[in-house]
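S.K.: My questions all concern the structure below.
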Amino acid sequence: MATQLRPERLGYLAELHASLTRQTVPWEAVLVLDGADRTLLPAPLAADHRIRVIELPRPVGAAAARNLGLRTVRTPFVCYSDDDDLLPADSLAVRHQRITETGLGWVAGWSADLHPDGTTTIWRCPTPPGVHQPGDVTGYWASPEAQIPLGQTMLVARTELVVAAGGHGGLPQGEDFVMVNGVTNLAPGELLPHVVYYYRQHPAQMTAGGNAFRELEGPSRKFAFRHGRALRTALNRSRTDGLELSV
């Protein structure tokens, strides 16, 4: 989890932590302070021995903060969460059980928008439920402007797979698209028709950043879209060449 400990989001972070405490499998959290003052950390998080706080000396942005956190992960599986969202109580258990029993590289579940009045709306992503081979997910992203095929917070993945994929791409936004591209092109996985993540809708969302956000959204999406297709092509060519050489 990367955070700048912005005052208007501290309550949300505390609620995210509370949702972590309700998980039914053991977990360890890496909380990366993106240039933030540690003294602002809500007391329940500061006191929880399961949370390792990584302090960065200056703000580096979400992509770099997540990657610098990834280097410290000690568990065989990893997932990401934003500092203003929530996890259902079975979020980690459902995905952990499936990834361990199948040996897949990643397992994802549906996300749902969490509205201010407490109601939720499931986001049914373009990728259908079921098992998907490497490269399949990329094919469900129709164009840079279209709905992304999967959200990064929907995934539990093998830690070494996320590292091999390069973590989050070097973009000011849309870096999560690059991570999803890498993970889903390198290994098979499965999407479960089960909500594992609540995406909170509120005025202080990073994606509600006005013109500053919109200015780079198009270029970021175009790069990520091209990255997914280029990676799929390169890996397919490599697999085909390998088969030809082995004959």
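The values are calculated or read from the model by the stated rules, or taken from the named source; none is laboratory data. Just so you know, these numbers come straight off a predicted model, no measurement behind them. So basically every Cβ, Gly included, is an ideal-geometry build from the backbone, and we count neighbours across all protein chains shown. Remember, those area values only see protein heavy atoms, side chains included, never the ligands or the DNA or RNA. Shrake-Rupley method; radii C 1.70, N 1.55, O 1.52, S 1.80 Å.
S.K.: Is it the case, given these coordinates, that Leu231 is open to solvent by 20 Å² or more (accessible area, probe 1.4 Å), part of a helix (DSSP H, G or I) and either under 30 Å from Val25 (Cα atoms) or modelled with pLDDT under 95 (or both)?
M.R.: So Leu231 fails the test.
S.K.: Would you mind telling me which numbered condition in (1) open to solvent by 50 Å² or more (accessible area, probe 1.4 Å); (2) in a loop (DSSP other than H, G, I, E, B) Thr100 fails?
M.R.: Result: Thr100 passes all but (2).
S.K.: Out of Arg9, Arg74, I need the residue that is open to solvent by less than 50 Å² (accessible area, probe 1.4 Å) and under 20 Å from the mean Cα position of the chain (by Cα). Which one?
M.R.: Only one candidate qualifies: Arg9.
S.K.: While we're looking at this one, here's another question. Evaluate the stretch 39-52: report whether one residue or more is open to solvent by less than 50 Å² (accessible area, probe 1.4 Å) and of a type in the set (S, T, N, Q).
M.R.: no
S.K.: Next question, about the same structure. Surrounded by fewer than 13 Cβ atoms within 10 Å (Cβ to Cβ), among the hydrophobic types (A, V, I, L, M, F, W, C) and more than 28 Å from Gln97 (Cα to Cα), is that true of Ala64?
M.R.: So Ala64 fails the test.
S.K.: Further question: Name every residue in the stretch 13-37 that is assigned to a helix (DSSP H, G or I), among the hydrophobic types (A, V, I, L, M, F, W, C) and within 14 Å of Ala93 (Cβ to Cβ), in order of residue number.
M.R.: Within the stretch 13-37, Leu20 is the sole residue that qualifies.
S.K.: State yes or no: is Ala112 open to solvent by 10 Å² or more (accessible area, probe 1.4 Å) and of a type in the set (A, V, I, L, M, F, W, C)?
M.R.: no
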